[in-house]
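Step one of this worksheet: look at the structure below.
Taken together, the values in this text are just the output of simple stated rules run on the coordinates, not laboratory data. Owing to the predicted nature of the structure, the values given are computational and were not obtained by experimental measurement. Because the Cβ atoms are built from the backbone with ideal geometry, glycine has one as well, and the counts that use them run over all protein chains shown.
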Amino acid sequence: MSDFRDVRPAPSSEADGTQEKIVGALAVYESPDRLADALVAVRQSGLTRFDTVSPYPLHGLDHLLGKSPSRLGYVAAIAGIAATAIAKLAQWWTSAVDYPLNIGGSPLFSLPAFVPVTFELMVLFASIATVVGMLAVFNGLPQYGSALLRSRHMKALTCNRYGIVVDAKDGEFDPHATSDLLGGTGAMSVELLKRENVSRFYRERILSVPFLLLLVGVAIFSSTATRMVYRYGGEIPPFDFMKRQPKVSAQQVSAVFPDGLGTRSGVPGTVARGSLPYAFAGDPERAGQELINPFKASHEVMTRGRAQYGVFCQPCHGRLADGRGTLTTAFPKAPTLHSRKAREWSDGRIYAVLTEGQNIMPAYVSQISGKDRWQIIHYLRAMQRSQNAPERDLQ
Amino acid sequence: MKQVPSAPGHDVAFDQELLAQIDDDIAAPMRVPPGKLWWAAIAFTSSLMLLGFALMGYTAYRGIGVWGNNSPVFWAFPIVNFVFWIGIGHAGTLISAILFLFRQPWRNAIARFAEAMTIFAVMTAGLFPLIHMGRPWLAHWVFPVPNDMSLWVNFRSPLVWDVFAISTYFTVSLLFWYVGLIPDLAAMRERAVTKVHRVVYSLLSWGWTGLNRHWRHYERAYLILAGVSTPLVVSVHTIVSFDFATSVIPGWHTTILPPYFVAGAVFSGFAMVMTVLIILRRLFRIEHLITIRHLEYMNKVILATGLMVGYAYLVEMFTAWYSAEEPERFMLLNRLTGPYAWAFAVMFTCNVIVPQVHWFKKARTSLPIMFVVSILVNVGMWFERFVIIVTSLHRDFLPASWGLYAPTLVDFGILAGSFGMFFTLVLIFVRALPVISMTEVKATIPGSQMTRRRHSPSELPDVEDGIHV
């Protein structure tokens, strides 16, 4: 107890250009019981800005300090509830609104299926909020500049000693009087805590021009480099074995065959499905006599014929088959299909024109399937009948 | 060396030097340079780890065709290893969170190490789904981040639940572990011997000084984390079991899978903690902190969870018989007598029969016996996952598509690499951070708290919050 007057002389502040001020006093005790007794004495002395320091939690100190339990639980609860709401909303929006995915016909918004992810996010948010709240908000950490860290008693205070710290901002604080008071409470040692007014670390290192320039340089370099990589590098897959397959594509040379062609033609005489050869090439009149439209007029046939007519015929022959198509300003005018000649042609004769072309009209055999050609003819017949209706239609 | 009781029950007079002694003993591995044994051990484990990484790189380069996985066994070693390692992690959370809530002070001596093991095991486990993707550079597609296909993940898929469960589990375990470490890091900061130590421990301890204000919120934070970790740990292996249970494969499609997986996870995790602690306490001479009594308690947990696992095996058999479902009955017969019957035999012997020795106190307190049992349990638990995954897949409904599975050397290499990675991390941990929580051990020593209750001077002005020194 004799060495409680352990006030170290203030260092010569002016010499190294820094200023130190006393920010508090620290008393060190040798057992939890001594600390508790001292604590009651300090409270009775009228000081209000002080706290204890201990290497491990001492139970019962909250009671002596008149502190209620931590309110950290509310932080965790709010974070957990918020996470629950966010998780449910996000799953609903992604699965049922933004990109509805039909998975085996199960409902787009499925409450039970969304429970696991919601629960995990609740735990995650609550935990992160608890830790961040405890460290940064409730405890005010980090405190790398705390004067306690510079105390020579700090090692013992994290091992087997207990302390009381009085803040110099306490109205009752006086370096000498408070030291005497703490010394009188059974302290092993009393120390005045000092702290530099302005942190030299911030002033000389963090705020120095070279360091700030370095930060700016890193920022400019990394954003430029990222931009360059995306602009000129594109997306580079690490490995693309699946894309590179040992096969011959169309028009490529093949070493397997003597003629060196990669593209092979079929066995002579084979016919692809739906591609029976046209038997009346160069003889449209015979086609007109022998070919018969295999379709009967029906709603489906008319609808299909109308659609295909609209795609392939309408640009030249016009919507009403009157030769006033949208392309007639750029191309030679196509004839009307309401002429007596066209009306009197058989379906097979028209089929021959669609298949082989006529005058300036090209062959459509490669673009319109045979079935569609017959259905277009049905639609054409309907249009012809609408413009040149026979007497009986009008009765 | 002084005998330091690490839990209440021993009536020993409070001694200040005891506290310093505890700190010295726990901090010793960080203050002295490692010996030849440590270097030899880490050389071996890190070689295995590098072998595993090289083979993972080879897999990413050539494709997963280099493994034994093929129709009909598309899930094999990687998923077996994934479930195995996730399970190992569960003991850590059980010890740190659930036993904390049950106020079991004996956990204090082993909690830190078990938590570290959780983190390393989850890190190891996480590699397997990653490499199983075949194209791990597209791993971000499993998260609901906007991507070039403007497509979201399917939140109805257990595989997506898995992503959330594992990543949450890792994050929360890390936070829990780190929060527990902060006061110890502050103590290490004060005991630092080199400048590097001082800077690193200072930065990591956030300027912790141990004010009562700090402790008040810290203890509440620890309680909340324990509270949320408890359902979390149950949910994680439940969700892992959903990967199987929500499918229609006989042997997977059962409702007992979630509790069975959780019990099995705790079982294997405790065995792994046991294996490592038995070596560690001898090497670092902390037998007085991690006593035979601690190990005996852990053996009781191993026995209890082993019985649960055995019960699950029997219920599975009973249900298969009782269901009168032809595929279920065939699955059971195929497990017992099919081409992988040997795997079932290994599993059943190691998981159900071997732990029965722990009914005897002699076995529970004998280091050699418990060491062998702990290793056998983990062998058995690895085979349990093999049995569940491979024997269920290789013969399902359609006999025309039956097949056999054989792992390749790459499979074995990656398995060995996972053990290498886990033990490398453990070896680094025991040299870099306090293996036992100094704070918790000191706080529960007899006499380390106030011995009598005092009257609070309530009529006095309130003590202000938040002193700033």
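Provide, for q = 0.20, 0.22, 0.23, 0.24 Å⁻¹, the log10 of I(q)/I(0) from a solvent-free Debye sum over equal Cα point scatterers in the stretch A:284-389. After summing over all Cα pairs, the log10 values are -1.09, -1.35, -1.48, -1.61.
As a ratio to 2.2 N^0.38 Å, the alpha-carbon radius of gyration computed for the stretch B:72-172 takes the value 1.29. Projected onto its three principal axes, the C-alpha set of the protein assembly as shown covers 133, 72, 62 Å, listed from the longest axis down. Given +1 at the Cβ of Lys and Arg, -1 at the Cβ of Asp and Glu and no other charges, the dipole of the protein assembly as shown around its Cα centre is 1540 debye to the nearest 20. In percent, rounded to a whole number, the relative contact order of the stretch A:284-389 is 36, using alpha-carbon pairs under 8 Å and six or more apart.
Take the Cα of B:W342, step 7 Å toward its Cβ, do the same at B:K361, and the gap between the two points is 4.2 nm. Going by neighbour counts of Cβ atoms within 10 Å, the residues B:R156, B:R112, B:R31, A:R244 line up, fewest first, as A:R244, B:R31, B:R156, B:R112. In degrees from 0 to 90, rounded to the nearest 10, what is the angle of the helix B:158-190 Cα long axis to the longest principal axis of chain B? Value to nearest ten degrees: 20. Volume of the convex hull of the stretch B:347-447 (Cα atoms only), normalised per residue: 185 Å³.
When the charge dipole of chain A is built from unit charges on Cβ atoms (+1 for Lys and Arg, -1 for Asp and Glu) and taken about the Cα centre, the candidate among A:I86, A:L124, A:L214 whose Cα reaches farthest toward its positive end is A:I86. Of the residues A:Y99, B:L204, B:V372, the one whose Cα sits farthest towards the positive end of the charge dipole of the protein assembly as shown is A:Y99 (charges of +1 on Lys and Arg Cβ, -1 on Asp and Glu Cβ, taken about the Cα centre). Taking θ as phi - 60° and the Karplus parameters 6.51, -1.76 and 1.60, the scalar couplings of the stretch B:68-81 work out to x, 4, 7, 4, x, 9, 7, 10, 9, 3, x, 6, 4, 5 Hz in sequence order, x denoting glycine and proline. Residues of the stretch A:341-384 with an amide N closer than 19 Å to a point placed 7 Å from the Cα of A:R319 along the Cα-to-Cβ direction: A:379-384. Sorted from longest to shortest, the spans of the Cα atoms of the stretch A:1-197 along the three principal axes equal 84, 42, 30 Å. Database remark: amide H of A:G66 closer than 5 angstrom to no amide H (H placed geometrically; neighbours at sequence offset of 5 or more, or on other chains; Pro and chain starts carry no H).
Where in the stretch B:134-149 is the amide nitrogen less than 13 Å from a point lying 7 Å along the Cα-to-Cβ axis of B:A54? None, by backbone N distance to the label point. Dividing the summed -39500 (n - 2.57) terms of all DSSP H runs of n ≥ 4 by the residue count of the protein assembly as shown sets its mean residue ellipticity at 222 nm at -17000 deg cm²/dmol. By the rule of a C-alpha distance below 13 Å, with chain neighbours fewer than 8 residues away ignored, the aspartates and glutamates paired with B:K361 are B:E296. Annotation for the stretch B:399-469: trypsin sites (Lys or Arg not before Pro) lying in DSSP loop with at most 11 further Cβ atoms inside 10 Å of their Cβ are B:R452, B:R453. With contacts taken as Cα pairs under 8 Å at a separation of at least 6 residues, chain B carries a relative contact order of 32 percent.
Averaging over all projection directions, the Cα-based convex hull of chain B occupies 27.8 nm² in the image plane. Magnitude of the charge dipole for the stretch B:65-178, about its Cα centre and with charges confined to Cβ atoms of Lys, Arg (+1) and Asp, Glu (-1), is about 260 debye. So which of A:K67/B:K195; B:K36/B:K195; A:K155/B:K300 end up more than 32 Å apart by C-alpha? Beyond 32 Å: A:K67/B:K195; A:K155/B:K300. Placing +1 on each Lys and Arg Cβ and -1 on each Asp and Glu Cβ, with no other charges, gives chain A a dipole about its Cα centre of roughly 2000 debye. Computed on chain A, with alpha-carbon pairs under 8 angstrom and 6+ residues apart, the relative contact order is 20 percent.
Between the Cα long axis of helix B:409-432 and the first principal axis of chain B there is an angle of about 10°, rounded to the nearest 10.
Among B:K195, A:K88, the ranking by other beta carbons within 10 Å of each residue's beta carbon, starting with the fewest, stands as B:K195, A:K88. Amide H contacts of A:E172: A:T48, each under 5 Å away and 5 or more positions distant or on a separate chain (H built 1.01 Å from N in the peptide plane; Pro and chain starts excluded). Proximity of backbone amide H atoms, modeled 1.01 Å from N, is registered between A:K194 and A:V23 at under 5 Å, excluding neighbours fewer than 5 places apart on the same chain. Charges on Cβ only, +1 for Lys and Arg, -1 for Asp and Glu, centred on the Cα centroid of the protein assembly as shown; of A:F239, A:T263, B:G306, which one is farthest towards the dipole's positive end? Going by the charge dipole, the pick is A:T263. Angle of helix B:292-323 to the longest C-alpha principal axis of chain B, folded into 0 to 90 degrees and rounded to 10: 30°.
Here, chain A has an Rg and a Dmax of 46.8, 135 Å when only alpha carbons are counted.
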